[in-house]
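K.L.:
Here it is: the structure, laid out below.
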Amino acid sequence: MKIVVLAGGTSTERDVSIVSGTDICTALRSKGHQAILVDVFCGVENVDFTDPFPAEYDVQQASRYMKSFNSRIEEMKATRRSFFGPNVLALCELADFTFLGLHGANGEDGKLQATLDLMGIRYTGTDYLSSAIAMDKGVAKQFFRMHGVPTPNGIVMEKSQRTNDLNALGLSFPVVVKTACGGSSIGVYIVEDQPSFEDALNQGFSYEDTLVIEECIRGTEYTVAVVDGVAYPIVEIVPLERFYDYENKYKPGAVRETCPAPLSEEMTRKMQDYAVKGYHALGLQSYARLDFMMRDNGEMFCLEANTLPGMTPTSLIPQEAAVLGMDYPSLCEELIRISMKKYE
Ligand SMILES: Nc1ncnc2c1ncn2[C@@H]1O[C@H](COP(=O)(O)OP(=O)(O)O)[C@@H](O)[C@H]1O
Ligand SMILES: [Mg+2]
């Protein structure tokens, strides 16, 4: 197949996305596909349109080309109107399929999906509406509640209606303050007292105008991929320090990840059932990864759904697939196969 792997972009997760995209492109080429790596925002100059998906292709060189823009993204944003870099959409239109190796804003939030839909470009992952619903943790919480998926008790606070009085919101310490549409734990604060709560509100509102404030669940963290409506094995995530914050997410060895998670068969099935229920609650298609916290007494809570989760070979979904005997290149192909069902 002729495949464009879209990565990069302008979100806070640009760097992670370049790693995901490079590995996905390499994996798909190892499976014999004519895959090329394209930065959604920086694009590619001088495309040879007589042979846009060459048999011989240097993925690492394409990856270095993407990284060469890293220090100039803000500057480029200021001088550009369109989010799409040169030749990006033209290449996607020529491809049989577009693999979304993007994470975060303008990639995971549905706007890109809507654009691709209107252009008749077929892509991996869920559609524009469910992407947008899942992206906003406050909105997703409403859907989880409506469909009986347990989620931490919490509220949405708009910057214009800020209050520092937690009790008036029906909550008490410890709470978690997070930006509604953030990712990678950027803008997530676990707070235990009034001064740190006010500090977290200040910080959170410096990123976004909408925050989610919810009860802090003390316990263990898990994540479950749902692929084509079926739950994969669960990963247990134990950070050696603090919580699963940005540093712990990307520093090798900072967390202990165990898959399949050491849970009883009954608890495993229960969490997987909630993951599938959460997936349907948000109207998700193709695949997603849902994050959970579980108290020692077995009470479990769904924190969020990630619609374009990390896809480096050591990321969480590839670990789950490995337990099912599916290697990383096969998983990349499988995600394309099941994503095609949207177009049947
Ligand atoms: N209600 C909560 N209770 C305890 N820990 C939480 C809670 N919400 C978030 N966290 C911690 O913060 C991390 C990031 O939060 P999450 O809602 O998954 O947002 P994102 O991964 O998009 O940044 C979680 O992986 C978890 O470690
Ligand atoms: Mg998360």
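Since every read-out is calculated from the coordinates, none of them should be taken as a lab result. No experiment lies behind these values; they were computed from the predicted model shown. With ideal geometry, Cβ positions are generated from the backbone for all residues, glycine too; neighbour counts draw on all protein chains shown.
K.L.:
Whole angstrom only: what separates the Cα centroid of region 291-329 from the Cα centroid of region 14-57?
P.N.:
Distance between centres, Cα-based: 26 Å.
K.L.:
Also, I was wondering about something else. Is the chain rounded, prolate or oblate when judged by the Cα gyration tensor, a ≥ b ≥ c being the square roots of its eigenvalues, rounded requiring a/c under 1.5 and prolate requiring a/b larger than b/c?
P.N.:
Prolate shape, in that a/c is at least 1.5 and a/b is the bigger ratio.
K.L.:
Sticking with this one: Take Thr223, Thr210 and order them by how many other Cβ atoms sit within 10 Å, fewest up front.
P.N.:
The fewest-first ordering by Cβ neighbours comes to Thr210, Thr223.
K.L.:
What ranking do Cys332, Cys92 get, fewest neighbouring Cβ atoms within 10 angstrom at the top?
P.N.:
Cys92, Cys332
K.L.:
Hey, what number do you get for the chain at 222 nm if only DSSP H runs of n ≥ 4 count, each worth -39500 (n - 2.57), divided across all residues, to the nearest 500?
P.N.:
Helices in the chain give a 222 nm mean residue ellipticity of -10500 deg cm²/dmol.
K.L.:
Here's something else I'd like to know. Scale the Cα Rg of region 153-215 by the rule-of-thumb value 2.2 N^0.38 Å and send over the ratio, two decimals.
P.N.:
Against the compact-globule rule of thumb, the ratio is 0.96.
K.L.:
Please order His33, His147 by the number of other Cβ within 10 Å, starting at the fewest.
P.N.:
Fewest-to-most ranking of His33, His147: His147, His33.
K.L.:
Using only the alpha-carbon atoms of region 2-123 as identical scatterers, what base-10 log of I(q)/I(0) does the Debye formula give at q = 0.17, 0.22 Å⁻¹?
P.N.:
-0.79, -1.38
K.L.:
In terms of the Cα gyration tensor, with a ≥ b ≥ c the square roots of its eigenvalues, is region 275-344 rounded because a/c is under 1.5, prolate because a/b exceeds b/c, or oblate?
P.N.:
Oblate, because a/c is 1.5 or more while a/b does not exceed b/c.
K.L.:
How far apart, in nm, are two points set 7 Å out from the Cα along the Cα-to-Cβ line at Asp193 and at Asp273?
P.N.:
4.3
K.L.:
Label region 218-343 by shape, choosing from rounded, prolate and oblate, from the square roots a ≥ b ≥ c of the eigenvalues of the Cα gyration tensor; if a/c is under 1.5 it is rounded, and otherwise prolate applies when a/b is larger than b/c, oblate when it is not.
P.N.:
Cα axes put region 218-343 in the oblate bin.
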